[in-house]
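Engineer: Let me begin by handing over the structure; questions about it come next.
Read-outs: derived from the displayed coordinates by stated rules, not from any lab. Quick caveat: nothing in here was measured; it's all calculated off a predicted structure.
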Amino acid sequence: MRCPYCGSTNTQVKDSRPSEDHTTIRRRRVCADCGGRYTTFERVQLRELTVIKRSGRRIPFDRDKLMRSVQIALRKRPVDPERVERMVSGIVRRLENMGEGDIRSETIGRLVMEALKGLDDVAYVRFASVYKNFREAKDFEALLGELAGTEGEDADVDADETAIAED
């Protein structure tokens, strides 16, 4: 492992422990040359995944890019980082278990939206606005109406009942 501070390959592992969900190993390392300390994570990778973009271009799957996209949607939201890590790990496991090496970007986007919908509504709307390429306010209104779903229907029933009771 190359030191991120001086570039030396003369590094040592000082401590290793599994993560809470036991899907990664966290390693504390120290550089013998500069004394720099840093953390690395080791994960099981079942297969090499390739993302097929909408344009047809093929790029290697990057878990860190997925994590950054999710973190942008969750910026300044009160969500525990451990839950985010478990969500991303779950998405990656689902992608690896699909049995295909080539994954369409739309599939990844759909899985992220499903996971964010259960995690945080605001992050879901933020991600959807970029993923679905919203252009107008009515795009947000349609998504919010879909998100409200049965809640909005219940509110309409309550409003109707209130109007009848007032008559």
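Engineer: Enumerate the amide H contacts of Arg104 below 5 Å, restricted to partners 5 or more residues apart or on another chain; note that Pro and chain-start residues carry no placed amide H.
Structural biologist: Answer set, sorted by chain and number: Ile52.
Engineer: What is the Rg over Rh value, at two decimals, for the range 16-72, using alpha-carbon atoms and the Kirkwood definition of Rh?
Structural biologist: Numbers: Rg = 15.8 Å, Rh = 14.2 Å.
So for the range 16-72, dividing Rg by the Kirkwood Rh gives 1.11.
Engineer: In addition: Using the Karplus equation 6.51 cos²θ - 1.76 cosθ + 1.60 (θ = phi - 60°), what ³J(HN,Hα) coupling, rounded to whole Hz, does each residue of the range 100-111 give in order, writing x for Gly and Pro?
Structural biologist: Values, residue by residue: 10, x, 9, 10, 6, 4, 4, 5, 4, x, 5, 5 Hz.
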